[in-house]
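The next block holds one structure in the form of structure tokens; read it before the comments.
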Amino acid sequence: MSLGVDLAGLQLPTPVLGASGCFGSGQELSSIVDLKRVGGIVTKTVTAEPTKGLPAPRMGETSSGMLNAIGIQNPGVEAFVQKEGAWIARAGAPIIVSIAGKTVQEFANVAVRVSQIPGVRAIEANISSPNFNRGGQLFARDHQAAAEVVGTVTRMTHLPVFAKLTADVTDIVEVAEACVRAGAHGLSMINTLSGMAIDVETFKPLLGAVTGGLSGPAIRPVAVRAVFQVARALPEVPIMGIGGITDTSSAIEFLLAGAWAVQVGTANYYNPEVVTDIAQGIGEFLLRRGLRSPADLRGKVIAPSSSPEPAYHGG
């Protein structure tokens, strides 16, 4: 039995990675966890220029989840390369760099620069960021805009590119297909969902930016549904499932839905070893079931071959 996974050429030691935004480039995690036991680390999102981020408070707890409005705070790609480049080259775990931009050209510039860092294994294009040339609309909410970014990034790098999608769309399959046609090696899904919470004592929003991204167990059913739909439509495309994964069972749920690997985000805040704990749990599950690798679980959900339209009827 092996925990290793092959994402169409991107080899990972386990199917469990740390999601973007949880621990910078992974350097912070290295003092707590043996990175050789980690499937990979997706860095905090990097942009072309330094970004200060959004006003405080930036994070707030909700029932079954967490709201955040960080605003992609980062020092900019040049400072990122200077500060993190040497460490990434000797990290001991596969490093995937998350990138974003306000324009397609910014995405391209960042992709070129991070591709020059030795040891970077792939790029995750965070296309859930606003497109400033189109009135602030998220790239990932329009299949044409998403494809434009992905197509440009893939032409600017020799690395595999994973498009990070949002479920805040009418048809996530349409966006996924457009990204793959544009050259995406794989897909990361889903990003946080737009949400808001209000402090009833102060009458003020919980976040300084009023709205933010909801993560944690509350969004897992949405994420599993999205992975299932896209995996059925694009079975040969590597998918990294993200959204509310807290333990072995929730990670396996994504694999059964069609994910090739998973990323763990919010759970890292209360258990820094959750990535390795889940990987170990998957290994134990495979042994109990007499299976040889995580790939033996991929897409094995027992469901009708053609999914019915979702029902929205209440009562």
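The values are calculated or read from the model by the stated rules, or taken from the named source; none is laboratory data. All values reported here derive from a predicted model rather than from experimental measurement. Quick reminder, even Gly has a Cβ in these numbers, built from the backbone with ideal geometry, and neighbours come from all protein chains shown.
Summed over segment 204-221, the residues that are more than 29 Å from A259 (Cβ to Cβ) and either free of Cβ contacts under 8 Å to residues at least 60 places away in the same chain or surrounded by fewer than 21 Cβ atoms within 10 Å (Cβ to Cβ) (or both) give a count of 6. Could you tell me whether segment 188-203 includes any residue that is surrounded by fewer than 18 Cβ atoms within 10 Å (Cβ to Cβ), touching a His at 6+ places or on another chain (Cβ under 7 Å) and not aromatic (F, W, Y)? No, every residue in segment 188-203 fails to be surrounded by fewer than 18 Cβ atoms within 10 Å (Cβ to Cβ), touching a His at 6+ places or on another chain (Cβ under 7 Å) and not aromatic (F, W, Y).
If you go through segment 119-144 and keep only what is in a loop (DSSP other than H, G, I, E, B) and either more than 17 Å from I242 (Cβ to Cβ) or at pLDDT below 80 (or both), you end up with G119, S129, G135, G136, D142. Selection of first residues in segment 48-61 that are among the β-branched types (V, I, T) and of second residues that are part of a loop (DSSP other than H, G, I, E, B), restricted to Cβ pairs under 6 Å at least 6 apart or on distinct chains, gives the following pairs, ordered by first then second residue: T51/I72; T51/Q73. Taken together, the criteria place S31 among residues that are surrounded by fewer than 17 Cβ atoms within 10 Å (Cβ to Cβ), among the hydroxyl-bearing types (S, T, Y) and out of contact with any Lys or Arg (no Cβ under 6 Å at 6 or more places or on another chain).
Identify the residue in segment 249-266 that is farther than 25 Å from G9 by Cα and surrounded by fewer than 23 Cβ atoms within 10 Å (Cβ to Cβ) and, among all such residues, is nearest to the chain's Cα centre (by Cα).
S250
Can you work out which of the residues in segment 73-110 that are modelled with pLDDT of 95 or more and touching a Leu at 6+ places or on another chain (Cβ under 8 Å) is surrounded by the most Cβ atoms within 10 Å (Cβ to Cβ)? Among residues in segment 73-110 that are modelled with pLDDT of 95 or more and touching a Leu at 6+ places or on another chain (Cβ under 8 Å), the one surrounded by the most Cβ atoms within 10 Å (Cβ to Cβ) is I96.
Of all residues in segment 17-35, those that are more than 21 Å from P294 (Cβ to Cβ) and β-branched (V, I, T) have Cβ atoms under 6 Å from Cβ atoms of residues that are in a loop (DSSP other than H, G, I, E, B) and at pLDDT 85 or above, 6 or more apart or on another chain, in I32/P272. Pairs linking a residue in segment 145-159 that is farther than 16 Å from P118 by Cα to a residue that is of a type in the set (V, I, T) and surrounded by 21 or more Cβ atoms within 10 Å (Cβ to Cβ), with Cβ atoms under 6 Å and 6 or more positions apart or on different chains, are A146/I127; A146/V175; V149/I127; V153/V161; T154/V161. Using the structure shown, decide if T45 is touching a Ser or Thr at 6+ places or on another chain (Cβ under 6 Å), closer than 23 Å to Y269 by Cβ and buried (at least 22 other Cβ atoms within 10 Å of the Cβ). Yes; evaluated as a whole, the condition is true for this residue.
So for segment 96-107 (the condition being under 21 Å from L17 (Cα atoms) and assigned to a helix (DSSP H, G or I)), does at least one residue qualify?
No, segment 96-107 contains no residue that is under 21 Å from L17 (Cα atoms) and assigned to a helix (DSSP H, G or I).
Only one of the numbered conditions (1) at pLDDT below 95; (2) closer than 28 Å to V301 by Cα is violated by F254, and that is (1). Can you find even one residue in segment 157-166 that is modelled with pLDDT under 95 and surrounded by fewer than 21 Cβ atoms within 10 Å (Cβ to Cβ)? No, the conditions are met nowhere in segment 157-166.
The number of residues in segment 1-28 that are modelled with pLDDT of 95 or more, surrounded by fewer than 18 Cβ atoms within 10 Å (Cβ to Cβ) and of a type in the set (G, A, S) comes to 4.
Scan segment 70-95 for residues that are on the phi < 0 side of the Ramachandran plot, within 19 Å of the chain's Cα centre (by Cα) and assigned to a loop (DSSP other than H, G, I, E, B) and the total you get is 4.
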